[in-house]
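Visitor: Sharing a structure, written as structure tokens. Questions coming.
The values are calculated or read from the model by the stated rules, or taken from the named source; none is laboratory data. Please read these numbers as outputs of a predicted model, since none were measured by experiment. Cβ placement follows ideal geometry from the backbone for every residue including glycine, while neighbour counts extend to all protein chains displayed.
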Amino acid sequence: MDNAGDILKALLIRNELIEKGSNYSSLFKGWAGIVGPPLMDHSRIIDITNGNLLVEVDHPGWLQILHFKKRLFLKKLKGRYPELDIKDLHIKVNLNFSVLQPDRKTPEKRKIENPEIDSIVSQVKEDELKGLLKNLFVTALKRQSKEEDS
């Protein structure tokens with residue numbers, strides 16, 4: 001049986017994950033509103049790590065446009081999502097990516113790594129967003145475990 005401290009810690013971690021998930025979900029859903037058309041059809045957020053937002057585009061031309069407007073987009077991101085503390089935007093080209101036909105596996109095809117994370121992301125309706133959020137949470141937990149072990 002868990003002691004009260006363990007139960008309380010688990011609840012606090014769960015609440016923190018839910019809050020972070022909500023922030024990330026809002027960011028992923030809001031990307032189109034940040035960049036607008038036509039960039040929204042040719043770019044997507046891949047990850048956010050240490051204040052660095054990684055974005056993928058489907059052609060080098062879109063990379064140039066996104067890079068040209070980087071300061072404007074960073075200003076919008078910082079204004080709309082201050083809690084995420086986004087400091088920089090990194091862009092990469094993936095010629096095989098399609099916004100309409102994502103090349104990622106849906107959460108149903110992934111090995112369940114943490115039932116608590118699955119419970120949180122199951123509240124998200126979009127399959128691609130579920131997968132991205134799950135990846136973010138799993139990555140964050142792995143990093144936290146490595147830091148605690150150090």
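Visitor: Among the residues of the range 51-73, which ones are over 16 Å from the mean Cα position of the chain (by Cα) and either among the aromatic types (Phe, Trp, Tyr) or within 20 Å of residue 136 (Cα to Cα) (or both)? Talk me through it step by step, then tell me what you get.
Guide: Initially, the range 51-73 is screened for residues over 16 Å from the mean Cα position of the chain (by Cα), giving 58-73.
Answer for the range 51-73, where residues must be over 16 Å from the mean Cα position of the chain (by Cα) and either among the aromatic types (Phe, Trp, Tyr) or within 20 Å of residue 136 (Cα to Cα) (or both): 62, 68, 73.
Visitor: Go through the range 47-64 residue by residue and tally those that are crowded, with 18+ Cβ neighbours inside 10 Å and either assigned to a helix (DSSP H, G or I) or in contact with a helix residue (DSSP H, G or I) (Cβ under 8 Å, 6 or more places away or on another chain) (or both).
Guide: 6
Visitor: Would you call residue 132 of a type outside the set (Phe, Trp, Tyr), modelled with pLDDT of 90 or more and under 14 Å from the mean Cα position of the chain (by Cα)? Quick ask: steps written out before the conclusion?
Guide: Details: of a type outside the set (Phe, Trp, Tyr): yes; modelled with pLDDT of 90 or more: no; under 14 Å from the mean Cα position of the chain (by Cα): yes.
Answer is no for this residue.
Visitor: OK, next. Might you let me know whether the range 73-82 holds any residue that is part of a loop (DSSP other than H, G, I, E, B), under 30 Å from residue 115 (Cβ atoms) and modelled with pLDDT of 90 or more? It would help to see each step written out before you state the result.
Guide: Going residue by residue through the range 73-82, those that are part of a loop (DSSP other than H, G, I, E, B) are 81.
Restricting the remaining residues to those that are under 30 Å from residue 115 (Cβ atoms) gives 81.
Remaining after also requiring modelled with pLDDT of 90 or more: 81.
Scanning the range 73-82 turns up at least one residue that is part of a loop (DSSP other than H, G, I, E, B), under 30 Å from residue 115 (Cβ atoms) and modelled with pLDDT of 90 or more.
Visitor: Does residue 141 satisfy being surrounded by 11 or more Cβ atoms within 10 Å (Cβ to Cβ) and modelled with pLDDT of 75 or more?
Guide: So residue 141 fails the test.
Visitor: Let me ask you something else. Looking at this structure, is residue 51 on the phi > 0 side of the Ramachandran plot and either in contact with an Asp or Glu (Cβ under 7 Å, 6 or more places away or on another chain) or modelled with pLDDT of 90 or more (or both)?
Guide: Here the answer is yes, as residue 51 does meet what is asked.
Visitor: Does any residue in the range 21-41 that is closer than 22 Å to residue 139 by Cβ come within less than 8 Å, Cβ to Cβ, of a residue that is crowded, with 18+ Cβ neighbours inside 10 Å and polar (S, T, N, Q) six or more places away or on a different chain, and which pairs are these?
Guide: Final answer for the pair search is 31/43.
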